Amino acid sequence: MTYAAITGWGMYVPEPVLSNADLEKMVDTSDDWIVTRTGIKERHIVAPHETTSTMGSAAAREALERAGVRPEAIDILIVATTTPDQLMPSAACLIQTALGARRAGPVDINAACSGFVYALAIGAQFVRSGASRTVLVVGVDTMSRFLNYEDRNTCILFGDGAGAVVLQATTQPSGVLSIDLGAIPGTGELLEIPGGGAAHPATAETIAQNLHFMTMQGRDVFKYAVRAMGDSSAKVIADAGLVPDEIALVIPHQANLRIIEATAKRLELPMERFYVNIDRYGNTSAASIPIALCEAEAEGRLRPGDSVVLTAFGGGLTWASAVVKWGP
Ligand SMILES: CC(C)(COP(=O)(O)OP(=O)(O)OC[C@H]1O[C@@H](n2cnc3c(N)ncnc32)[C@H](O)[C@@H]1OP(=O)(O)O)[C@@H](O)C(=O)NCCC(=O)NCCS
């Protein structure tokens, strides 16, 4: 039996910080409202010279170094992003060039904030089937370039960042053990960037109508999120042959602290088993889970042999969960 172990991990967040106090000067909001309703205190925003591919490359370099893998050894390079530098070429092609990963097959996938777990699931299948030995998975988004900083419903929630993991073949039962992917039909309009695609190609009119910015029906998304992350986590735990109490740590998508707390309640697990860093980064979309994974590891919260749940939801509305056995 071949398994897909996580042998390297890395993250990158840009230096500039946008605090709640900064946002108070931009829209009609308050630090108290944002902290109480979301748990977010600050988020990092790209500097003018940075993009999705520069952040993704930085996280990828750290992951490769930790795994002791040279860029030429990567077979497949999967980038989860909704905010590529441009529509074509893909962010994965740009990251391939930046890394010098000349043998890699680069591809972007878009499942919004669930994207990293989708990419991990796809990458793990390449490894487990024997088709590839080494896969680089990157989750990265530059949400700040698609936010309307006059819309308090959205601009307070998101930050920029990147995370990456290296998957390698092993015979030890570890790595990605179970996965659950899905989406709720008919919910696309609850969270969307309507302009700039084939339906509404960019024109002066679409720009004037702000169609190039993200819009969101927050309350509806909230309800779907709790149900999707709770039920999907329960499914992957059962599919891995485990019960919730055997899960050492849940690394949830960091969208809203109250969503994480409601998910914990639904799974009947204490909040101590959930990793939370939303206060410092906000919602970094496809980057949120790999960033949280890196920080959880650095804080000693991931030990070899631990069973860990990754669970996410996002635009689509998509969801994705996985059970990962940490360690060699
Ligand atoms: C967006 C979200 C934080 C709003 O919190 P909420 O408790 O649902 O708040 P509501 O939308 O009910 O709004 C409550 C009030 O606060 C106001 N409000 C909204 N945004 C505000 C802001 N940034 N600052 C101050 N007040 C705000 C609303 O206008 C509303 O006022 P009203 O009662 O006078 O109408 C929450 O719904 C959420 O997190 N949803 C999920 C979003 C998400 O995760 N998206 C990404 C998916 S990957």
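Read the figures in this text as sums done on the coordinates, not as results from a lab. All figures in this text were calculated on a predicted structure; none of them were measured in a lab. Using ideal geometry, Cβ is built from the backbone for each residue, glycine included, and neighbour counts are taken over all protein chains shown.
Quick notes on this one:
- Report summary: the helix-based calculation at 222 nm, which adds -39500 (n - 2.57) for every DSSP H run with n ≥ 4 and divides by the residues of the chain, gives -9500 deg cm²/dmol.
- For the stretch 177-325: span of alpha carbons on each principal axis (Å, largest first): 55, 31, 25
- The peptide list 171-178, 7-14, 197-204, put in order of mean Cβ contacts within 10 Å with the highest first, becomes 7-14, 171-178, 197-204.
- Choice from Ala296, Ala208, Ala58 showing the highest fluctuation, given a GNM over the chain with Cα pairs closer than 10 Å: Ala208
- For the stretch 246-328, Kirkwood radius (reciprocal of mean inverse C-alpha pair distance, Å): 12.9
- Per-residue extension of 0.36 nm, minus the Cα-Cα distance of Ile207 and Ala131, leaves a gain of 23.0 nm for this segment.
- Annotation: peptides 215-221, 79-85, ranked by per-residue average of other Cβ atoms within 10 Å with the highest first, follow the order 79-85, 215-221.
- Potential lengthening between Asp245 and Thr2 on full extension [0.36 nm per residue; Cα-Cα distance subtracted]: 84.8 nm
- Residue among Ser90, Ser53, Ser288 with the largest mean-square fluctuation in a Gaussian network model of the chain, springs linking Cα atoms under 10 Å: Ser90
- For the stretch 3-172, the relative contact order is 34 percent, taking Cα pairs closer than 8 Å that sit 6 or more residues apart in sequence and dividing their mean separation by the residue count.
- Here the calculated FRET efficiency for Leu87 and Val35, from their Cβ-Cβ distance with R0 = 45 Å, stands at 0.80, rounded to the nearest 0.05.
- 20 Å binning of all Cα-Cα separations within the chain, expressed as whole percents from 0 upward: 35, 59, 6
- Computed over the chain, relative contact order equals 26 percent, with contacts defined as Cα pairs under 8 Å that lie 6+ residues apart.
- With N counted as the residues of the stretch 3-172, its alpha-carbon radius of gyration over 2.2 N^0.38 Å works out to 1.12.
- Summarised in one figure, the compactness ratio Rg/Rh of the stretch 1-103, Cα atoms and Kirkwood Rh, is 1.10.
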